[in-house]
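Below: the structure, in structure tokens.
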Amino acid sequence: MILNGLLNTIRKIYFSHNIVLWMILLVLPVGVSLFTMGMFTSQIVQHVPIGIVMQDDSRLADKINARLRSSPVLDVKLECGSMNECERAVVRGDLQGFLVLPNELERRALRLETPVIPVYSSGQNYLTNMFATKEIRSVISSVGSEMFVPEIADPVKTEIHSVGNVEGNYQGFLALGLVTAIFHLAAMIVGVYVLSFPLRDHRVTEMIRYAGGSRLTLWVASVFPMNIALWLELMGCYAYCHRMLAPLTFDEFVMTAAAQLFMICACSGAGIVFIGVVGVMRIATGAAGVIGSPAFAFAGQTFPVMAMPFAVRCFAFVLPLTHALKVQSMMLLGDVSTAPAWDSVKILIGMAIFWNVLGALLMSMRWKQHLRREAARGQSSGMDVAGMDPKTEAVT
């Protein structure tokens, strides 16, 4: 008897066409784990785009240039006429870094003056920069050792700088990305909560009555306040983290604020879609957490997108965080045309429209379903009261 009861209970819980249970029990954890592991199956990062500023015209400079071009890790895409040209390329995202071969490089090395080759890297892509700067140092050290200068162990040295982050601290690049990632996840969770609590508390009829019988009014009253509140909070946190960097121009501020606003709208819309699909707050919140929590790892600031498999790059593209961080990086690194950033903002606008329209359609269906349920429950309660025994009514 006990065994039969146990088996019947297991069959009822796990094999009664409960698709949502198997989604969160098997598909989500296994699928996300395999997806995450797939991101790290690629080979070591190769062909990191860099630039060179050739100020010195010597055999040593030419040799360093040739050795850098032959490195499988590096891809010398641009030979700049000035530092400003390379800095703009880094800000645009065309280069991950650049180095300057200064005047009298070979002459100073032969005179044992240990010239320094400055290397400038983007302050936004930590792991990619690490690969690039490590390889540049290795190449320069190798070329320097071939000069046969016994009096000095390292005749040519490198000096690492961060473009747009003079202090070189983590708050200048990593903290800003993490703050945006936190709000990326928070917007999904808030979207789930705000749109789910009328369903959870069986108050859809009451909320629509408050909205004057208009579901559109209920939608606007639910969605707009949370998006505006999260946007203002994100801008405040961003301003606090950005205080140690160069101030934004008006155009940079507008572009960054727009990217943050549409990222929040897209994420809250995605959260609304989750609750519209499953109809249960706990499950929708879990789905938002599973998808939103690892988003920062796929956005390109810790692990380079260029080294990810194609499927993972596609996943990174559909994450609003990826495009918001791209705009954010361009704006905080320095003066750059807003055209490349505007392309990312347009993608975010499209995402915000898509997720909110889909969420509105799904929630409209959910509201209709719950209106019928609440009406049926009200009729059932009325019938129960009408059918009560008079003595029982009197006692009550």
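Can you compute the label reach from residue 369? Point 7 Å from Cα along the Cβ direction, backbone N cut-off under 16 Å, restricted to region 191-218.
Residues passing the 16 Å test: 195-205.
Once both labels are modelled 7 Å past Cα along the beta-carbon direction, what's the residue 110-residue 342 spacing in nm?
It works out to 5.2 nm between the two label points.
With a 10 Å Cβ neighbour count serving as the proxy for reagent exposure, in which order, fewest first, do 238, 210, 120, 193 appear?
Ordered by Cβ neighbours within 10 Å, fewest first: 210, 193, 238, 120.
Just add up the charged neighbours of residue 103: K/R +1, D/E -1, any other residue whose Cβ is under 13 Å from the Cβ of residue 103.
-3
Rounded to a whole number, what is D in µm²/s for region 173-382 from Stokes-Einstein with the Kirkwood radius over alpha-carbon pairs (10 °C, 1.306 mPa s)?
For the chosen part, D equals 88 µm²/s.
I need 262, 98, 310 ordered by Cβ neighbour count within 10 Å, fewest first.
Listed from fewest to most nearby Cβ atoms, that is 310, 262, 98.
Distance check, please: which entries in 346/368; 134/326; 77/134 exceed 22 angstrom between their Cα atoms?
Violating the 22 Å limit, Cα to Cα: 346/368; 134/326.
Please give the length that would be gained between residue 210 and residue 57 if that part of the chain were fully extended, namely 0.36 nm times their separation in residues minus their C-alpha to C-alpha distance (nm, one decimal).
47.4 nm
Report the local net charge at residue 326: Lys and Arg +1, Asp and Glu -1, summed over other residues whose C-beta lies under 15 Å from its C-beta.
Once positives and negatives cancel, what remains is 0.
Each value in this text was obtained by applying a stated rule to the coordinates, not by laboratory testing. All values reported here derive from a predicted model rather than from experimental measurement. A quick note on method: Cβ atoms are made from the backbone with ideal geometry, for glycine too, and the neighbour counts reach across all protein chains shown.
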